[in-house]
Amino acid sequence: MSTKKSEKIQTRLRRKGHIRKHISGTAERPRLAVYRSLSHIYAQLIDDQSEKSIISVSDLSPDIKVSIKKGTTKTDKSVMVGELIAKKAIEKKIITVVFDRGGFKYHGRIKALADAARKAGLEF
């Protein structure tokens, strides 16, 4: 097994570096960071000034895990995560965020999460 990172991962991390140079979150407008693994999706609101995570949600969260049934697609899970993070953010009186796609291309599950969060009331 090779110790080198695959070319695909290196490309994503390079894209991520270019994105992170230009965006950062504050307490009033936190960064909505998204990470997508092969099986799961994670989203969190981060205040970069105080280096704290405000809210974190994934498809492994108990609120979402209850509503996942057999046959639920990964894209459907992403929509649930987007809706839940928006709901929790609005409860904490956070309406505007900066979207950080983490170097992932903006389509598929990333786009589904972002669209669901917008539909649920977040602005970005």
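The values are calculated or read from the model by the stated rules, or taken from the named source; none is laboratory data. Note that the structure is a prediction, hence the values are computed from the model and not measured. In this analysis, Cβ positions are derived from the backbone assuming ideal geometry, glycine residues included, and neighbour counts consider all displayed protein chains.
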Residues of the stretch 109-124 satisfying the condition of being out of contact with any Asp or Glu (no Cβ under 6 Å at 6 or more places or on another chain) and more than 12 Å from Lys77 (Cα to Cα): Lys111, Ala114, Asp115, Ala117, Arg118, Lys119, Gly121, Leu122, Glu123, Phe124
Kindly indicate the residue of the stretch 73-124 that is more than 20 Å from Ser24 (Cα to Cα) and hydroxyl-bearing (Ser, Thr, Tyr) and also surrounded by the most Cβ atoms within 10 Å (Cβ to Cβ) among those meeting that condition. Ser78
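Based on what the data block shows, is Ser56 among the polar types (S, T, N, Q) and buried (at least 18 other Cβ atoms within 10 Å of the Cβ)?
On the way: among the polar types (S, T, N, Q): yes; buried (at least 18 other Cβ atoms within 10 Å of the Cβ): no.
It is false that Ser56 is among the polar types (S, T, N, Q) and buried (at least 18 other Cβ atoms within 10 Å of the Cβ).
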Report yes if Ile64 is in contact with a Phe, Trp or Tyr (Cβ under 8 Å, 6 or more places away or on another chain), more than 22 Å from Glu28 (Cβ to Cβ) and not small (Gly, Ala, Ser), otherwise no. no
Is one or more of the residues making up the stretch 11-32 at pLDDT 95 or above, surrounded by 11 or more Cβ atoms within 10 Å (Cβ to Cβ), under 13 Å from Val81 (Cβ atoms) and not basic (Lys, Arg)? yes
Every residue in the stretch 22-61 that is in contact with a strand residue (DSSP E or B) (Cβ under 9 Å, 6 or more places away or on another chain), touching a residue at least 12 places away in the same chain (Cβ under 8 Å) and polar (S, T, N, Q), please. Ser24, Thr26, Gln44, Ser56, Ser58
Turns out the strands (runs of 3 or more DSSP E) fully within the stretch 1-82 with at least 3 residues that are more than 24 Å from Thr96 (Cα to Cα) are none
